[in-house]
Amino acid sequence: DTEVTQTPKHLVMGMTNKKSLKCEQHMGHRAMYWYKQKAKKPPELMFVYSYEKLSINESVPSRFSPECPNSSLLNLHLHALQPEDSALYLCASKAGGSPNEQFFGPGTRLTVL
Amino acid sequence: TQLLEQSPQFLSIQEGENLTVYCNSSSVFSSLQWYRQEPGEGPVLLVTVVTGGEVKKLKRLTFQFGDARKDSSLHITAAQPGDTGLYLCAGVNSGNTPLVFGKGTRLSVIA
């Protein structure tokens, strides 16, 4: 299995909703990432987990809450989002020791109404 | 702050033409990756270059890492409509530091 999967593919939510994005990889990678990508822009790093511990938080608002239940899974919990949070949310993973080759999932297209 | 300047930002060419995309920085990178992304999908890793002067080929795509490891180029020969997409270069300074992305080159190949 050489892929990163993400669910759901699309998500529409209101500003008062609570939802979660899920990411899974079975490549044995020990680093996992959340990125946010707005239209016509490159991905922006949000969080990095290394060996299931949060190692980087790029000053992301607390309405985004990451969670790494085990080495294969990464969640992003969403609460009280704003319309400007609408974007493509990408998960990626990396093998230890590799020259930072990150493998991306297909993304979740999030729309906040 | 490390920056990767990617050029051109947009490129529209006819099928069969050749093109080159550039990725430049004033910083040294220990490795550099090239990704291709289609609308609504995640970036797909095309290649990683790690050695200064390195050249890698992937079918009609040729990737080069500059001798000083500050720049890279992607050359596509005889472009096909299937090459259409957003091409992103991304570099890492060392170890597990986060990837630094260029702003991307949006390529459109017209049949």
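Read the figures in this text as sums done on the coordinates, not as results from a lab. The structure displayed is predicted, hence computed values, not measured ones. Virtual Cβ from ideal backbone geometry, glycine too; neighbours counted across all protein chains shown.
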I'm checking my understanding of the structure. Among residues of region B:74-88 that are among the aliphatic types (A, V, I, L, M) and part of a loop (DSSP other than H, G, I, E, B), which one is farthest from A:SER50 (Cα to Cα)?
B:ALA78
Scan of region A:75-102 for residues that are surrounded by 21 or more Cβ atoms within 10 Å (Cβ to Cβ) and within 14 Å of another protein chain (Cβ to nearest Cβ), ordered by number
A:LEU88, A:TYR89, A:LEU90, A:CYS91, A:ALA92, A:SER93, A:LYS94, A:ASN100, A:GLN102
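Within region B:30-39, is even one residue among the hydrophobic types (A, V, I, L, M, F, W, C) and surrounded by 13 or more Cβ atoms within 10 Å (Cβ to Cβ)?
Taking every residue of region B:30-39 in turn, at least one turns out to be among the hydrophobic types (A, V, I, L, M, F, W, C) and surrounded by 13 or more Cβ atoms within 10 Å (Cβ to Cβ).
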When residues of region A:34-52 are filtered for being of a type outside the set (S, T, N, Q), within 12 Å of another protein chain (Cβ to nearest Cβ) and more than 26 Å from A:MET15 (Cβ to Cβ), how many remain?
4
Quick check: is even one residue across region A:21-28 surrounded by 13 or more Cβ atoms within 10 Å (Cβ to Cβ) and among the aliphatic types (A, V, I, L, M)?
yes
Go through (1) surrounded by fewer than 20 Cβ atoms within 10 Å (Cβ to Cβ); (2) away from chain B (no Cβ under 13 Å) one by one and return the number of the condition A:SER55 breaks.
(2)
Taking region B:74-88 and keeping only residues that are within 14 Å of another protein chain (Cβ to nearest Cβ) and either crowded, with 22+ Cβ neighbours inside 10 Å or among the β-branched types (Val, Ile, Thr) (or both), one is left with B:TYR87, B:LEU88
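Okay, residues lined up against (1) surrounded by 22 or more Cβ atoms within 10 Å (Cβ to Cβ); (2) in a loop (DSSP other than H, G, I, E, B); (3) within 12 Å of chain A (Cβ to nearest Cβ); (4) touching a residue at least 24 places away in the same chain (Cβ under 8 Å):
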{"site": "B:SER26", "(1), (2), (3), (4)": "no, yes, no, yes"}
{"site": "B:GLU41", "(1), (2), (3), (4)": "no, yes, yes, no"}
{"site": "B:LYS57", "(1), (2), (3), (4)": "no, no, no, no"}
{"site": "B:SER72", "(1), (2), (3), (4)": "yes, no, no, yes"}
{"site": "B:ALA90", "(1), (2), (3), (4)": "yes, no, yes, yes"}
{"site": "B:LEU107", "(1), (2), (3), (4)": "no, no, no, yes"}
Can you confirm whether B:PHE10 is of a type in the set (Phe, Trp, Tyr), touching a residue at least 12 places away in the same chain (Cβ under 8 Å) and surrounded by 14 or more Cβ atoms within 10 Å (Cβ to Cβ)?
no
Of (1) in contact with a Lys or Arg (Cβ under 7 Å, 6 or more places away or on another chain); (2) free of Cβ contacts under 8 Å to residues at least 60 places away in the same chain; (3) not in a strand (DSSP E or B), B:PHE63 satisfies all except one. Which?
(3)
